[in-house]
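Enquirer: So that we are looking at the same thing, I have put the structure below in structure tokens.
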Amino acid sequence: MAFIKSKDLVHEYIRRDEEGNVESIQTALDHVNLNIEPGQFISILGHNGSGKSTFAKHINALLTPSEGMILVDGMNTSDEEYTFSVRQAAGMVFQNPDNQIIASVVDEDVAFGPENIGIPTDQIIERVENALKMVGMYKYKSHSPNKLSGGQKQRVAIAGVMAMEPKCIILDEPTAMLDPDGRADVLRAVHELNKLKHITVILITHYMEEVVDSDYVYVMEKGKIFMEGKPREIFKDVEKLKEHSLDVPQVTLLAHELKKAGVPLSDCILTRQELVDELVKIKKGGQI
Amino acid sequence: MLRDITIGQYYPADSVLHSLDPRVKLFATLVFIITLFGANNIFLFAFVLVTLIGIIKLSHVPFSFMVRGLRAIVVLLVIAGLFNMFLTPGRELVRFGFLKITDVGLKNAVLMTSRMVLLIIGTSVMTLTTTPNQLTDGLEKSFGFLKKVGVSVHEIALMMSIALRFIPILVEETDKIMKAQMARGADFESGNIFQKAKNMVPLLVPLFVSAFRRANDLSYAMEARCYNGGEGRTKMRPLKYSSLDQRAYICIFTYIILFYAVKFVM
Amino acid sequence: MAANENVLIMDHVSYKYSPGTAYEVTALDDVSLTIKEGEFIGIIGHTGSGKSTLVQHLNGLMKATEGHVYFNGQDIYDKDYNMKNLRTQVGMVFQYPEHQLFETTVFEDVKFGPKNQGLSEEDQIKRAYEALELVKLPEEFFLASPFELSGGQKRRAAIAGVIAMKPSVLILDEPTAGLDPKGRDDVLSLISEMHEKRGDTVILVSHSMEDVANYVDRIIVMDTGKPVYDGTPSQVFANYKELEQMGLAAPAVTYVMNDLKDAGLDVATTATTVFEARDEILRMLNK
């Protein structure tokens, strides 16, 4: 059974004036349908304002649908009875590393979630230590978050979610404010959680190169899913991506440009190795 | 200058003081303050001072780190000291025009200033050895009885610990915005007090906007991690007295008895 | 002023936090640099490499603990040097500049700089108008509250706030941080267009090699408070292996070209953009 199932999900932000009359309605999600299987690594791409963050908040029951519905692990998020079970099953990491760390010491922050759901004391310590080890931040457990780099803070935030032992983790642009080092560390940690702990990962991002290794990609625009498929299928259509000013990884773009110039490369090249291998073959084979 | 404030900062180290229950430290600090202001002669004062030095040694926090907290309030100390020195009536020692220093004034000034210094060092020993969370836990537990009269002790304690977490962030932010506005020619130094207040607008508006944005983000993050008030919460490190705490209490009471014994004998 | 004259000179500049104490940290270590008029420079380094500290010395927001900084030949640490004037001449756009917006309207906010320069009301309006035109903010937003704009628009408005002072040197610290790819491309091409139109000196601080390679003509790589490489993009990226050790990555195409060469193909490895790489590979294939 699908872990997340959204059916005709609509979300409207309604602005009211002082008398409570509707001033404007902005449709952030417009009939979104998707199924996410457990254990998958899913990426959702899109510009700011494409609705991708609004969608993320629905998976965590921070927002509930205006129309349609979304089931998380079989639970309807509109049903208030399930709110906390949904949040525990699908944890969320946000963009700004500073604005999601509550405590002044790393391990106390990681403990915040388990404390909220009433885990007994001895188990909390174990969970906190395990979670910090998973993201490689164990040795910083008694540090102040203020002394950590952005990437380290973000990994602490991931540990904070993992300590609640969720089945799924949603990351809403977790790398947007990080430098390349921090970005690589965070992505490595997330991929490990997916591979070793079989956690379903939903990565929301606007960096194309971050989605290359995912199982499935959704591209959103104006509240709708406008492309979906395996990364290779998505990157095949470089022209379409460029038209919507989405980023294309340099290697894919170079392969695309070479193809346009008549070099017989295969349809979609994602990695450096693939491109180099094909070019060497072409040159040695003297096909041009 | 804002960076020098060490009050509320935690200094991670492995010491007896660090492992004490925060309630013990809160109580000890209270006792320290009472005896500090009750010390009315040089012997008692020396007694308090020696105890404090001993405690500082126990804390494994570098002394230089503690006095850094004083830098921020040096001006305040000097002003308080001068007021005491010049405005207390008594036997005249020296005279500069209409200002005179009296024996009582001089004594008061020295006593007042050293009391303030010790007060700040003493309380920062507590905050430096106690994480803000432990501190608020300690306060929450110590004042738990107020819950019965309708005070939201848990919420207040949580607000305090969040405030402590965000103080350094907002200090840094203030610094950044100030620089950004200075780069646009803003002037935060010259002018009279009204102009100065007006010149602060380009600093304060962005600072408030940012604080509200952070508060909004944080509330989402807390909700996402199943925060639902104090009901049904457990603790990773619930406060539990150990034998070490019992020994500490014995030390504190011994100190109180000694202090008042000396005070009444003298 | 003649073209290619040195606008900014850093002469053995060092900066230390808490000098003389146990907490002493060297943020800049004996840096000497010259920046010529009209140059478009990228300063690259990972977090903590000293790149932000470096640029804050150029407009006097930070004062070197040792060494001198000269702007148009004058030592900015001279006692009677007009620091306020320097800051309007060397404009600085900070990271997340939209966080400095404070006025009730975008237009008023952009006027803040010119107002501080002591210009007449008429000139302030003219400057603000020109600056907003330059950053291509649609006119309908001029009188809107800056807090109602989208992320990308806010950033343009904030950049306009610095441009309005007509600085001859423009420094931008991570101008694309937190923007989506479209916003990032828009801001970068805007900066490059403005550079062409105004002919000013532009210094772009970034940690993204690919961003910088497409636009600048000189790259300075900072590491542990020192400039370690200084040259054209292809000169600098030739050291891609060393850059990697500093936690920086050369553009992906640099790697592709080097891999091709290692595989025994006859290509030059100097390409730093996709189009240069394409042309070089085509040349090699057609030979």
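The values are calculated or read from the model by the stated rules, or taken from the named source; none is laboratory data. Given the structure is predicted, the values throughout are model-derived calculations rather than measurements. Note: ideal-geometry Cβ built from the backbone for every residue, glycine included; neighbour counts use all protein chains shown. Calculation scope for accessible area: heavy atoms of the full protein, side chains included, ligands and nucleic acids excluded. Shrake-Rupley method; radii C 1.70, N 1.55, O 1.52, S 1.80 Å.
Enquirer: Out of the residues in the range B:120-154 that are open to solvent by 40 Å² or more (accessible area, probe 1.4 Å) and among the aliphatic types (A, V, I, L, M), which is nearest to the chain's Cα centre (by Cα)?
Expert: The selected residue is B:LEU139.
Enquirer: Whether any residue in the range C:72-88 is of a type in the set (D, E, K, R), under 17 Å from the mean Cα position of the chain (by Cα) and farther than 19 Å from C:ARG198 by Cα is what I want to check. Show your work before the answer.
Expert: Step one: filter the range C:72-88 for residues of a type in the set (D, E, K, R), giving C:75, C:78-80, C:84, C:87.
This time we only want the ones that are under 17 Å from the mean Cα position of the chain (by Cα), so: C:87.
From what is left, the residues that are farther than 19 Å from C:ARG198 by Cα are none.
No, there is no match, as no residue in the range C:72-88 is of a type in the set (D, E, K, R), under 17 Å from the mean Cα position of the chain (by Cα) and farther than 19 Å from C:ARG198 by Cα.
Enquirer: Could I ask something else about it? I need the full set of residues from the range C:54-86 which are crowded, with 19+ Cβ neighbours inside 10 Å and of a type in the set (Val, Ile, Thr), in order please.
Expert: Selection gives C:VAL55, C:VAL69, C:ILE76.
Enquirer: Can you find even one residue in the range B:151-164 that is closer than 28 Å to A:GLY113 by Cα, of a type in the set (A, V, I, L, M, F, W, C) and part of a loop (DSSP other than H, G, I, E, B)?
Expert: Yes, some residue in the range B:151-164 is closer than 28 Å to A:GLY113 by Cα, of a type in the set (A, V, I, L, M, F, W, C) and part of a loop (DSSP other than H, G, I, E, B).
Enquirer: Do we find a residue being touching a residue at least 40 places away in the same chain (Cβ under 8 Å) and in contact with a strand residue (DSSP E or B) (Cβ under 7 Å, 6 or more places away or on another chain) anywhere in the range C:186-195?
Expert: Residues of the range C:186-195 that are touching a residue at least 40 places away in the same chain (Cβ under 8 Å), as a first pass: C:190, C:192, C:194-195.
Right, trim to in contact with a strand residue (DSSP E or B) (Cβ under 7 Å, 6 or more places away or on another chain) and you get C:195.
Checked the range C:186-195: at least one residue is touching a residue at least 40 places away in the same chain (Cβ under 8 Å) and in contact with a strand residue (DSSP E or B) (Cβ under 7 Å, 6 or more places away or on another chain).
Enquirer: Answer with yes or no whether B:PHE208 is exposed (fewer than 13 other Cβ atoms within 10 Å of the Cβ) and more than 27 Å from A:SER142 (Cα to Cα).
Expert: Numbers: exposed (fewer than 13 other Cβ atoms within 10 Å of the Cβ): yes; more than 27 Å from A:SER142 (Cα to Cα): yes.
Yes, satisfied.
Enquirer: A further question follows. For the range C:268-286, how many residues are surrounded by fewer than 19 Cβ atoms within 10 Å (Cβ to Cβ), more than 21 Å from C:MET209 (Cα to Cα) and either at the interface with another protein chain (Cβ under 9 Å from one of its Cβ atoms) or of a type in the set (Gly, Ala, Ser) (or both)?
Expert: Residues that pass the stated criteria total 3.
Enquirer: Would you call B:ARG91 among the charged types (D, E, K, R), in contact with a helix residue (DSSP H, G or I) (Cβ under 8 Å, 6 or more places away or on another chain) and open to solvent by less than 70 Å² (accessible area, probe 1.4 Å)?
Expert: no
To keep it simple, each residue is scored yes or no on (1) within 11 Å of chain A (Cβ to nearest Cβ); (2) out of contact with any Phe, Trp or Tyr (no Cβ under 6 Å at 6 or more places or on another chain); (3) closer than 24 Å to A:VAL248 by Cα; (4) open to solvent by less than 10 Å² (accessible area, probe 1.4 Å).
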position	(1), (2), (3), (4)
C:ALA177	yes, yes, yes, no
C:ASP180	yes, yes, yes, no
C:ARG184	yes, yes, yes, no
C:HIS195	no, no, no, no
C:TYR229	no, yes, no, no
C:TYR240	no, yes, yes, no
C:GLY247	yes, yes, yes, no
C:VAL256	yes, yes, yes, yes
C:ASP266	yes, yes, no, no
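Enquirer: Looking at (1) in the same structural domain as A:VAL156 (by TED's automatic domain parsing); (2) out of contact with any Ser or Thr (no Cβ under 8 Å at 6 or more places or on another chain), can you tell me which one A:SER214 breaks?
Expert: If we test A:SER214 against (1) in the same structural domain as A:VAL156 (by TED's automatic domain parsing); (2) out of contact with any Ser or Thr (no Cβ under 8 Å at 6 or more places or on another chain), just (2) comes out false.
Enquirer: At least 3 residues that are hydrophobic (A, V, I, L, M, F, W, C) and more than 14 Å from chain C (Cβ to nearest Cβ) in each: list the strands (runs of 3 or more DSSP E) lying fully within the range A:121-226 that qualify.
Expert: Those strands (runs of 3 or more DSSP E) span A:168-172, A:200-205.
Enquirer: I'm trying to understand the selection: among the residues of the range B:193-238, which are part of a helix (DSSP H, G or I) and at the interface with chain A (Cβ under 7 Å from one of its Cβ atoms)?
Expert: B:ARG214, B:ASP217, B:LEU218, B:TYR220, B:ALA221, B:MET222, B:GLU223, B:ALA224
Enquirer: Taking C:VAL106 as the residue in question, decide whether it is under 19 Å from B:VAL209 (Cβ atoms), buried (at least 22 other Cβ atoms within 10 Å of the Cβ) and more than 10 Å from chain B (Cβ to nearest Cβ).
Expert: In short, yes.
Enquirer: Please work out which one of (1) surrounded by 18 or more Cβ atoms within 10 Å (Cβ to Cβ); (2) at pLDDT below 90 is the condition C:LEU260 fails and give its number.
Expert: (2)
Enquirer: Next question. If you take the residues in the range C:197-218 that are away from chain A (no Cβ under 14 Å) and more than 27 Å from C:GLU108 (Cα to Cα), which one is least open to solvent (accessible area, probe 1.4 Å)?
Expert: Among residues in the range C:197-218 that are away from chain A (no Cβ under 14 Å) and more than 27 Å from C:GLU108 (Cα to Cα), the one least open to solvent (accessible area, probe 1.4 Å) is C:VAL216.
Enquirer: Residues being over 29 Å from B:ILE256 (Cβ atoms), not polar (S, T, N, Q) and either not in a helix (DSSP H, G or I) or not assigned by TED's automatic domain parsing to the domain that holds B:LYS263 (or both): count how many of those fall in the range B:63-96.
Expert: Counting residues in the range B:63-96 that are over 29 Å from B:ILE256 (Cβ atoms), not polar (S, T, N, Q) and either not in a helix (DSSP H, G or I) or not assigned by TED's automatic domain parsing to the domain that holds B:LYS263 (or both) gives 9.
Enquirer: Could you tell me whether the range B:100-118 includes any residue that is closer than 24 Å to B:ARG247 by Cα, open to solvent by 40 Å² or more (accessible area, probe 1.4 Å) and assigned by TED's automatic domain parsing to the domain that holds B:ILE257?
Expert: Within the range B:100-118, none of the residues are closer than 24 Å to B:ARG247 by Cα, open to solvent by 40 Å² or more (accessible area, probe 1.4 Å) and assigned by TED's automatic domain parsing to the domain that holds B:ILE257.
Enquirer: If the Cβ limit is 7 Å and pairs must be 6+ apart or interchain, which residue in the range B:197-221 that is in contact (Cβ under 8 Å) with a residue 24 or more places away in the chain and within 19 Å of A:ASN116 (Cα to Cα) pairs with which residue that is open to solvent by less than 50 Å² (accessible area, probe 1.4 Å) and assigned to a helix (DSSP H, G or I)?
Expert: Hits for this filter: B:LEU218/A:ASN99; B:LEU218/A:GLN100.
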